[in-house]
Each structure stands twice: as structure tokens, then as C-alpha cells.
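Just below is one structure, and these are the notes that go with it.
Values in this text are rule-based calculations from the coordinates and carry no lab data. Everything numeric in this text was worked out from a predicted model, so none of it was measured. Here the Cβ positions follow ideal geometry from the backbone for every residue, glycine too, while neighbour counts run over all protein chains shown.
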Amino acid sequence: MENHLTESHEVVNEGRTVEEAIESALARLGATRDEVEVEVLEEGSKGVLGLVGAKQARVLVRKRDGGQATKAKIEEMLSNLLKLMEISAQVSVDVKDDIHLVRIDTAGVDGLLIGKKGQNLEALEHLARRMVGKQLKRSVRLQIDVGGYRERRTNALKNKALSMAAKVKASNKEMQVEPLPASERRIIHLALANDPQVRTYTVGDGDLKSVVIAPQRRSRSNGEARKGSGE
Amino acid sequence: MKELVEYIAKALVDNPDMVQVREVEGEKTTVYELRVGPGDLGKVIGKRGRTARSIRTLLNAAATKAGKRAVLEILE
């Protein structure tokens, strides 16, 4: 259980209770509670009458780095990746609410990185998440934008959702949006979440599912209503 | 292009040393054969093949830019 790093950033610690385990881990790290994140590996239990089957609580306590190490890793890996693709680009990372917002600015080849319907950007994002996550041994939340594409796309999807919802209300018939990745389906769901006259649900399989926009009150029940499921 | 596949694959697997990429030049298309260590196949394929598809997508983008065609084959 000893940590062999000269400057330890995380320790696994045991104790009679989770709280005790955290307390002594903090002492070992020389950190305060709000400087760390805690993962409970084993809840621990007192056992019967505190005698039989007592189990130690085990926690992993990790010093938060304020995102600096993660940020540096993201910048390093994406820069290398782009260099190998022979794309000259600037990579910058901002951290907001624990999400790493990556901005890539290329010298005139934004389109190449975005791809048809943003598929190259999706691929880049997926790989970056996997690669950085693997290197840091934990999952990393990151979103990549190239040349303001995400923002334009978000607005376009919102408008599409609203205009389709208007049609659905007028016709009282449900409509299906083209297959989209999860992050973009979310935009459709959110855009219509507060509209009491329509509801949205997801159909399909795989990465690209479709959102269906349906009238809230159905004219007659024909079994169609139960089609599909949530995300 | 070979280095691109290598870099991505090495960053994804448990055993980077076991990653091998062989470049097979064809008339129009270059095939990149990727081999990884035992147990790492799933890492480069991903859930529903998403990771493999992502590598192919980026490889295609890079190849297109270079005016070439590239195919990725993941070998067991």
C-alpha cells in the first residue's frame, strides 16, 4: 500500500470507517479535505456486534492538481497527434466545471479536422479522451472545438429542434431528427425540455441514435407511444 | 501516417512496447496493419468498435490531406 512516488499525489488507505481512512490519508498527503478527491474502494463494516465479519474501510485519496497536469497532458497529446497528421495548429485548454474545453485553431484546415457532420471532430475527441484517460489512469471529461464549430452547430441544432417542434405541434404527428451523436442529441432534448406540448425520446442503436419529437398529448392510443426508450 | 497509428495505439494500450504497425504499400492504397499485445485488442477496438472507427477516421483525414488512401487493419 506504500506509495513509491517521491512526491505522492494519491494514497490508498485503510481505516475502521471511511472517515477515519480519509483522515489519515489526508495526513499522509499533507492535504486538506477540499484539496482532494476521494474514491471509496471498500465501505467497511463493523460486522456483527463489532466482533464477527468486521471489514476495514479502504479509500483512495487523490490530490487535485487544479487541472494543471490534465491540461498539460491534453495539450501535449493533441499537439503530437496533430503534428503527426501534418496539421499545424494551436491547442489551448480551459477548465470549466471540471470539463476540459479544448480549442484548436488551425492554419486554414479547420474543415479537415471537423469533417462531414463533425465526424472527424468526434473521432478526435473520442481518441483524446481515451488516450489522455489511459495516460492519467482516470477518466477525463473533455470537449474539443475547432474554429467555433461547436457553437455554430449547437445553435443550428437548437433552431432545428424548435422548427421541428412547431411542425409536430401543427400536424400532431411525431418527427424524427437525423441520427446524431450523444452530445448533439442532448442539445435537442434540452432545447425542448421545457416545451409542455412536445416530448422527446431516443430510438435506434449504436453511437448514432435518433431523437424523435412527439406531440405530448396523443390523439389516440395506438401502441406507438411505447416505442423506443430513453438514452 | 505510420507514426500516427503507432502514437494513438501506444497511448491506448497497457503494453505500448507490443504495438507494431506494418506499412504495406499498394498501388493506390496503403494498408496499415496494427498488432497489439495480448489483452489489448479491446483497447484499440473499443465499445462497438468506436475506437477503431475513430482511428480510421483520423487516418483517412490525414491521408486525404496528403492526397493518399489509407486503410487500417487490426490484426489479432
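Nearest 5 is fine: what % of DSSP beta bridges in segment A:68-147 come out antiparallel, could you say?
Counting DSSP beta bridges with both partners in segment A:68-147, the antiparallel share is about 60 percent.
Taking the Cα centre of segment A:68-147 as the origin, how large is its charge dipole in debye, to the nearest 20, when only Lys and Arg (+1) and Asp and Glu (-1) carry charge on their Cβ atoms?
Computed charge dipole of segment A:68-147: roughly 400 debye.
Hey, what number do you get for chain A at 222 nm if only DSSP H runs of n ≥ 4 count, each worth -39500 (n - 2.57), divided across all residues, to the nearest 500?
So the helix-based figure for chain A works out to -12000 deg cm²/dmol.
Which listed residue (A:His9, A:Ile213, A:Leu127) has the Cα farthest towards the positive end of the charge dipole for chain A, taking +1 on Lys and Arg C-beta and -1 on Asp and Glu C-beta about the Cα centre?
Farthest towards the positive end: A:Ile213.
Going through segment B:1-49, which trypsin sites (Lys or Arg not before Pro) have at most 15 other Cβ atoms within 10 Å and a DSSP loop state?
B:Lys28
Under 5 Å between amide hydrogens, which residues at least 5 positions from A:Ile144 or on another chain qualify, with H placed 1.01 Å from N in the peptide plane?
For A:Ile144, the qualifying residues are A:Val102.
Take every DSSP beta bridge whose two residues both sit in the protein assembly as shown, then give the antiparallel share in percent to the nearest 5.
75 percent
So, R0 is 51 Å and r is the distance between the beta-carbons of A:Arg152 and A:Arg16; what FRET efficiency does that work out to, to 0.05?
Using R0 = 51 Å, I get an efficiency of 0.40.
Hey, how much of the P(r) for segment A:68-147 falls beyond 23 Å, as a percent of Cα pairs?
That fraction is 13 percent.
Using the Karplus curve 6.51 cos²θ - 1.76 cosθ + 1.60 with θ = phi - 60°, what ³J(HN,Hα) values do you get for each residue of segment A:139-149, in whole Hz, with x for Gly and Pro?
6, 10, 8, 9, 9, 10, 10, 10, x, x, 4
Placing +1 on the Cβ of each Lys and Arg and -1 on the Cβ of each Asp and Glu in segment A:151-226, which of A:Asn155, A:Val198, A:Ser183 has its Cα farthest towards the positive end of the resulting dipole?
Checked the options; the winner is A:Val198.
From the helices alone, meaning DSSP H stretches of at least four residues, give me the mean residue ellipticity at 222 nm for chain B, per-run term -39500 (n - 2.57), in deg cm²/dmol to the nearest 500.
-12500 deg cm²/dmol
Taking other Cβ within 10 Å of each residue's Cβ, how do A:Val211, A:Val38 sort, fewest first?
In order of increasing Cβ crowding within 10 Å: A:Val38, A:Val211.
Taking amide H positions as placed 1.01 Å from N in the peptide plane, with prolines and chain starts having none, which residues 5 or more places from B:Gly46, or on another chain, fall under 5 Å of its amide H?
The answer is B:Thr51, B:Ala52.
Under a point-charge model restricted to the Cβ atoms of Lys and Arg (+1) and Asp and Glu (-1), what is the dipole moment magnitude of chain B relative to its Cα centre, in debye to the nearest 20?
Roughly 480 debye for chain B.
Using only Cα atoms, what is the ratio of the radius of gyration of chain A to 2.2 N^0.38 Å?
Working it through for chain A, the quotient is 1.38.
How big is the antiparallel share of DSSP beta bridges in chain B, given as a percent to the nearest 5?
45 percent
Considering Cα pairs under 8 angstrom that are at least six residues apart, work out the relative contact order of chain A and quote it in whole percent.
Computed value for chain A: 11 percent relative contact order.
Quick one: if you stick a label point 7 Å off each Cα along the C-beta vector at A:Gln68 and B:Asn15, how many nm between them?
My value for the distance between the label points is 3.7 nm.
How many angstrom lie between the C-alpha centres of segment A:88-147 and segment B:32-48?
22 Å
Going by amide H atoms built from the backbone, whose H comes under 5 Å of the H on A:Thr17, apart from near neighbours?
The list, which skips near neighbours in sequence, is A:Ala57.
For the residue pair A:Val95 and A:Leu60, what label-to-label distance in nm results when each label sits 7 Å from Cα along the Cα-to-beta-carbon direction?
Going from the A:Val95 label point to the A:Leu60 one covers 1.8 nm.
What are the ³J(HN,Hα) values, in whole Hz, obtained from phi via the Karplus relation 6.51 cos²θ - 1.76 cosθ + 1.60 with θ = phi - 60°, for each residue of segment A:89-94 in sequence order, with x given for Gly and Pro?
Values per residue, Gly and Pro as x: 8, 9, 10, 10, 10, 10 Hz.
Report, in debye and to the nearest 20, how large the dipole of the protein assembly as shown comes out about its Cα centre when Lys and Arg carry +1 and Asp and Glu carry -1 on their Cβ.
Computed charge dipole of the protein assembly as shown: roughly 1740 debye.
Output ³J(HN,Hα) for segment A:205-214: one whole-Hz value per residue in order, computed from phi by the Karplus curve 6.51 cos²θ - 1.76 cosθ + 1.60 with θ = phi - 60°, and x for Gly and Pro.
Those phi angles translate into 9, x, 6, 9, 9, 10, 8, 10, 9, 10 Hz.
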